[in-house]
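The values are calculated or read from the model by the stated rules, or taken from the named source; none is laboratory data. The shown structure was predicted, so the numbers you read here are calculated from the model rather than taken from an experiment. As a convention, Cβ positions derive from the backbone with ideal geometry for all residues, glycine included, and neighbour counts pool all protein chains shown. Note: areas computed on protein heavy atoms with side chains; ligands, DNA, RNA excluded. Shrake-Rupley method; radii C 1.70, N 1.55, O 1.52, S 1.80 Å.
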Amino acid sequence: MDKQQAQQLQIAALPPEIESEHFFEGVEKLLEVWFDERATGDLRNITRNQWENLLRHVKCEIISFTQNEHIDAFLLSESSMFVSRRRWILKTCGTTTPLKCLEQLLKLAQVEGYTVITDIFYSRKNFTRPEVQNSPHKGFYEEVTYLDSIFPEGRSYCLGSINQECWYLYTFSQPEKEGEEEEEDEVKPNQKLQQLQLQQPADFGDPDQTIEILMQQLDNDVMALFTKDKFATGQEVTQSSGIDLLLPQMHIDDFLFDPCGYSMNGINDKGEYMTIHITPEEKFSYVSFESNVALDNYTRLISQVIKTFKPGKFIVTIFANKSSLAYETMKELEIEYSTLSNWQRTDMQCCNFPSYNLLFAQYSRGKSS
């Protein structure tokens, strides 16, 4: 599949006045769902055909697949999907509609014995062109309304400047409940999907952390690498750009779109992942980096990513639960990065949820960066 074919999956839904304009929304919608670890099922038992049917609701397709004993990684026509035993992640760009596949996901999860959801995260940066999006993604209020209809216990947040650059988050997060009755886990057949239980586990489970680096106003020479004019394959540009050096232990599955654009997934033997997606066109260039690799300090990784892609501005978000190496060090590492780099921090916010800490920071070019 080339990039033009990927865009044709969506072009019919665009308003007539912008159909003729060349534009692609690089900003992704990121959806992550965790199910109760006490269940004995495995989301990786869901077949490829079932995933393909689910992704039709999203308006994207599977173009490549890799796996190991811990995680399945799907490269999509618009970004990525990762599936582990009880965690599901979907990240899609363009005018895709990931929230529309949620009910189908919950049905598939129920077949695997998952009737209790422990964590829900939906996040995205503000769109470059929100007017091209399809329902229920035309605005964050619409997205929240849609999510609330399925998960009435959810909470929504906006970090950053709501009239400039910002980052939206919807999550299920509630204080731990002592002495919760396990017999409540049963879901009666006549209950609707939105009555699936939302429950925090008794402990904080396995360490979990996610770092995202969302970059804009990228260097033209760097972006020129991610075109068919420069390279024939994803592997060539992965090596030439230095992407393969960011986290060398990752097994990489990459794809170079025609005429331009790039996506990659990486997975390692621990079940950790990384994913990068690049929209190189100068007028709306965008690069996203995401990984759940466990580090107690992300300063070096952030620096490597920024030096690789050379953005004019970027956002960093870091989620870490109380079992993670990064949980107590997030604020300190951000201060360290601000001190050691020439980047100007324009905004920084820290949030404390019942089992997670969240760091949000924005940067723009300093005088000598």
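Close amide-amide hydrogen proximity is noted between Ile63 and Leu75, Leu76, Ser77, each under 5 Å apart and 5 or more residues distant or on a separate chain (H modeled in the peptide plane; Pro and chain starts excluded). Extending 7 Å from the Cα toward the beta-carbon at both Thr346 and Arg38 defines two label points whose distance is 4.7 nm. Net length available on complete extension from Thr233 to Ser156 is 23.7 nm, with 0.36 nm assigned per residue and the Cα-Cα distance removed.
Using 0.36 nm per residue, how much length does the chain from His70 to Arg48 gain when fully extended, once their Cα-Cα distance is taken away?
Details: separation 22, 0.36 × 22 = 7.92 nm, distance 1.68 nm.
Result: 6.2 nm gained on full extension.
Between Gln217 and Lys283, the modelled label-to-label distance comes to 1.9 nm, taking each label 7 Å out from Cα in the direction of the beta carbon. Note that region 134-148 has calculated 3J(HN,Hα) couplings of 9, 5, x, 10, 6, x, 5, 4, 5, 5, 5, 4, 5, 5, 4 Hz, one per residue in order, obtained from phi through the Karplus relation 6.51 cos²θ - 1.76 cosθ + 1.60 (θ = phi - 60°); glycine and proline are x. Please list the non-local residues whose amide H lies under 5 Å from the amide H of Asp119, H modeled 1.01 Å from N, same-chain partners needing a gap of 5 or more. When sequence neighbours closer than 5 places are left aside, the close amide H contacts are Trp34. Using the alpha carbons alone, the radius of gyration of region 209-365 stands to its Kirkwood radius in an Rg to Rh ratio of 0.98.
With Cα atoms defining each centre, region 65-95 and region 345-361 are spaced 25 Å apart in the structure. The three principal axes of the Cα atoms in region 208-293 give end-to-end lengths of 36, 24, 17 Å, sorted in falling order.
Remark: region 67-114 is approximated by an ellipsoid whose semi-axes, taken from the C-alpha gyration tensor as √(5λ), come to 19, 16, 6 Å, largest first. A simple rule links phi to the HN-Hα coupling: the Karplus curve 6.51 cos²θ - 1.76 cosθ + 1.60 with θ = phi - 60°, which for region 45-58 gives 6, 5, 7, 4, 4, 5, 5, 4, 5, 4, 6, 5, 5, 8 Hz, with x for Gly and Pro. Computed with every protein chain present, the accessible area of Glu153 is close to 80 Å² [probe 1.4 Å]. Amide hydrogen proximity for Thr346: with H placed 1.01 Å from N in the peptide plane, the residues at 5 or more positions away or on another chain lying under 5 Å are Gln362, Tyr363, Ser364.
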